[in-house]
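The values are calculated or read from the model by the stated rules, or taken from the named source; none is laboratory data. No experiment lies behind these values; they were computed from the predicted model shown. We place every Cβ from the backbone using ideal geometry, glycine too, and count neighbours over all the protein chains shown.
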C-alpha cells in the first residue's frame, strides 16, 4: 500500500486495472491511488505488479519482468488470444464439423529508465501480428547502446527475447554514460 502497510490475502485484477482484495470475509477494492506494488503467488512463483503511466493515459497495472534499480525497468501486460480454424466435415454420411482451436498469450512490453512512472511501449512478442514498429522502438529507446543496436540490426533477437535485450543493455551500456 502507498501508506507502507502490507496486506495478505486473495487478489483479483479487474478488466479496468483495479484490484479486488479479500482478506477473510472482508472484501475491498483498490486502484493506483492506493497500491504501490502487488505481489501475487508464493515461494518461487511470485509475480510483481506496479502501476505505471503510458503517456496521456490513466495509470495501468504492469507486471514487472526485469527491474534494474535506477537503470532500466521492463514491464509487460499479457493478453490472452484465441485462434480458431475450421477443417471441414467428416465423411461417411456424417455431417460433423471438424476444426481446431488454440489459445495463447501475447506479451506487450513496456520500458522506462531511471525509475520514473512513465513507460514507453516497445511492442508485443507475437511474431506474426506485429505492426512493424517493434524494431524501430527498440532502436529509439536503446539509442545510447551501440552494441545492442548492432545486435538488433543484425536480427540477433526475436521479439520473445526482449527480457534478454534488457539484460544486455544493463551489462553493456547502463551506467557507462
Sole miss for residue 2 among (1) out of contact with any strand residue (DSSP E or B) (no Cβ under 9 Å at 6 or more places or on another chain); (2) farther than 16 Å from residue 62 by Cα; (3) without any contact (Cβ under 8 Å) to a residue 12 or more places away in the chain is condition (3)
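Conditions tested, residue by residue: (1) assigned to a loop (DSSP other than H, G, I, E, B); (2) at pLDDT 90 or above; (3) touching a helix residue (DSSP H, G or I) at 6+ places or on another chain (Cβ under 9 Å).
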| site | (1), (2), (3) |
| --- | --- |
| 1 | yes, no, no |
| 4 | yes, no, no |
| 7 | yes, no, no |
| 11 | no, no, no |
| 16 | yes, no, no |
| 22 | no, yes, no |
| 29 | no, yes, no |
| 33 | yes, no, no |
| 39 | no, no, no |
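Provide a single number: the residues in segment 155-177 that are closer than 23 Å to residue 54 by Cα and at pLDDT 90 or above.
Here is the first cut: in segment 155-177, the ones closer than 23 Å to residue 54 by Cα are 159-167, 169-170, 174.
Keeping just the survivors that are at pLDDT 90 or above gives 161-167, 169-170.
Summing the residues that are closer than 23 Å to residue 54 by Cα and at pLDDT 90 or above in segment 155-177 gives 9.
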Kindly indicate whether residue 68 is in contact (Cβ under 8 Å) with a residue 24 or more places away in the chain and in contact with a helix residue (DSSP H, G or I) (Cβ under 9 Å, 6 or more places away or on another chain). yes
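Among the residues in segment 138-154, are any at pLDDT below 90 and farther than 25 Å from residue 50 by Cβ? Step through it out loud before you land on a result.
First, the residues of segment 138-154 that are at pLDDT below 90: none.
For segment 138-154, residues at pLDDT below 90 and farther than 25 Å from residue 50 by Cβ: absent.
What residue, of 115, 92, is at pLDDT below 80, assigned to a loop (DSSP other than H, G, I, E, B) and under 18 Å from residue 72 (Cα atoms)?
On the way: 92 fails: under 18 Å from residue 72 (Cα atoms).
Going through 115, 92 in turn, the sole match is 115.
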Subset of segment 145-177 that is outside any helix (DSSP H, G or I) and surrounded by 14 or more Cβ atoms within 10 Å (Cβ to Cβ) - its residue that is nearest to the chain's Cα centre (by Cα): 157
Any idea which of (1) in contact with a strand residue (DSSP E or B) (Cβ under 8 Å, 6 or more places away or on another chain); (2) farther than 15 Å from residue 59 by Cβ; (3) surrounded by fewer than 12 Cβ atoms within 10 Å (Cβ to Cβ) is the one residue 14 doesn't satisfy? (2)
